[in-house]
1. Is it the case, given these coordinates, that residue 67 is within 16 Å of the chain's Cα centre (by Cα) and surrounded by fewer than 17 Cβ atoms within 10 Å (Cβ to Cβ)?
2. Out of curiosity, is residue 19 under 16 Å from residue 202 (Cα atoms), modelled with pLDDT of 95 or more and part of a helix (DSSP H, G or I)?
3. Considering only the range 144-158, I want to know if a residue exists there that is farther than 29 Å from residue 76 by Cβ, modelled with pLDDT of 95 or more and more than 10 Å from the ligand (Cβ to nearest atom).
4. If I go through the range 244-266 residue by residue, how many of them are in contact with a strand residue (DSSP E or B) (Cβ under 9 Å, 6 or more places away or on another chain) and farther than 26 Å from residue 124 by Cα?
5. How many residues does the range 79-97 hold that are more than 10 Å from the ligand (Cβ to nearest atom) and more than 18 Å from residue 210 (Cβ to Cβ)?
6. Quick one: residue 224 ticks every box in (1) under 27 Å from residue 127 (Cβ atoms); (2) outside any helix (DSSP H, G or I) bar one, so which box is it?
7. Quick one: count up the residues across the range 96-117 that are surrounded by fewer than 23 Cβ atoms within 10 Å (Cβ to Cβ), outside any loop (DSSP other than H, G, I, E, B) and touching a Ser or Thr at 6+ places or on another chain (Cβ under 9 Å).
8. Can you pull out the residues in the range 247-289 that are of a type in the set (Gly, Ala, Ser) and either within 22 Å of residue 212 (Cβ to Cβ) or in a helix (DSSP H, G or I) (or both)?
Amino acid sequence: MSVLVVGSSGFVGAELLRAFGGDTVGTYCKTERPGLERLDITEAAEVDAFVNRLRPRLIVHPAAQPNVDRCESEVGESYQVNVAGTRNVAQAAARIGARYVYFSTDYLFDGTDGPYPVDAEPSPINVYGQHKLEAEQIVQATVADHLIVRVCGVYGYHPEGKNFIMGLLQKGGDGVTMNVPSDQWGTPTYVENLAEAVKELSLGSHTGIAHPVGPDYLVRIEFARLAAEILGLDDSFLNPMTTEELDQPAARPERGGVDNRSTQAMLETRLLPAREGLLAFKKVMEVRT
Ligand SMILES: NC(=O)c1ccc[n+]([C@@H]2O[C@H](COP(=O)([O-])OP(=O)(O)OC[C@H]3O[C@@H](n4cnc5c(N)ncnc54)[C@H](OP(=O)(O)O)[C@@H]3O)[C@@H](O)[C@H]2O)c1
């Protein structure tokens, strides 16, 4: 099957490209990478021409502006990429009759009652969450054969990436204090496992919403301590702080995360608990560094 991964210069997209393999086409926008083609999803005509030329049977779309604090201050940019960009790709997918898989987030929810099942009512508390929710609604209204995959706290090896675990590794190694939320809960998800699960879901026929995340519900500081233990770091560099103390620009859902049970029941791929995911991460890190 011909597959297009939109946003494969990013953390999750790079892993999806690896998982799909073969002649999968991947795109970048600002971060040029060998083998990837350039595509700016905010340009409707460009998206249409690109998709028409390739005519993939499956379009997987992790491209986004996922920086939650930046979305809060750069609302126009967040709208262009996360809402208008999604509309452009969804419409192009619908025009050629491709199956469309869109990446969303647990930040759709207010964080009073996580982890949230697939049928929970979204109520975002920041711009990023509002825009991802708008994007989900556009996907649902535009492409009949669609799948929305909501993910949370993705960790994994990504040398240039700013994901939580790479930051922890660097700070722990250098003995630099790392402030970690002591009251933000989530469902940490190992990136290679996520890519395998999304590949399986994409190649299947399920439509609607899926939560291919890890099964553990952990507060961020507990996850950080577990990671430090597995990576052989003395965890005294981890400094627990409440959301109120952290005073981040965008509001954060405290009891966030999404519930993977209905998704796990559809999958052959086993969604990995945090300890297993971190051990797999450690192995990959040892090979790639
Ligand atoms: N990572 C997590 O923990 C997490 C949690 C919840 C949800 N998600 C969702 O998962 C998806 C992937 O996240 P990620 O962590 O992989 O993000 P990322 O590393 O920041 O990657 C974002 C990707 O989007 C591309 N992109 C940005 N603007 C674009 C534009 N105008 N046109 C085309 N491509 C554009 C980037 O390309 P360039 O860099 O080349 O510009 C990059 O390939 C996102 O939808 C995010 O909302 C992630």
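The values are calculated or read from the model by the stated rules, or taken from the named source; none is laboratory data. Computed from a predicted structure; not experimentally measured. Glycine gets a Cβ as well: all are built from the backbone with ideal geometry, and neighbour counts include every protein chain shown.
1. Yes, satisfied.
2. Judged against the criteria, residue 19 is a match.
3. Taking every residue of the range 144-158 in turn, at least one turns out to be farther than 29 Å from residue 76 by Cβ, modelled with pLDDT of 95 or more and more than 10 Å from the ligand (Cβ to nearest atom).
4. Residues that pass the stated criteria total 1.
5. So the answer is 9.
6. Checking residue 224 against (1) under 27 Å from residue 127 (Cβ atoms); (2) outside any helix (DSSP H, G or I), the one that fails is (2).
7. 1
8. Residues satisfying the conditions are 256, 257, 262, 265, 274, 277, 280.
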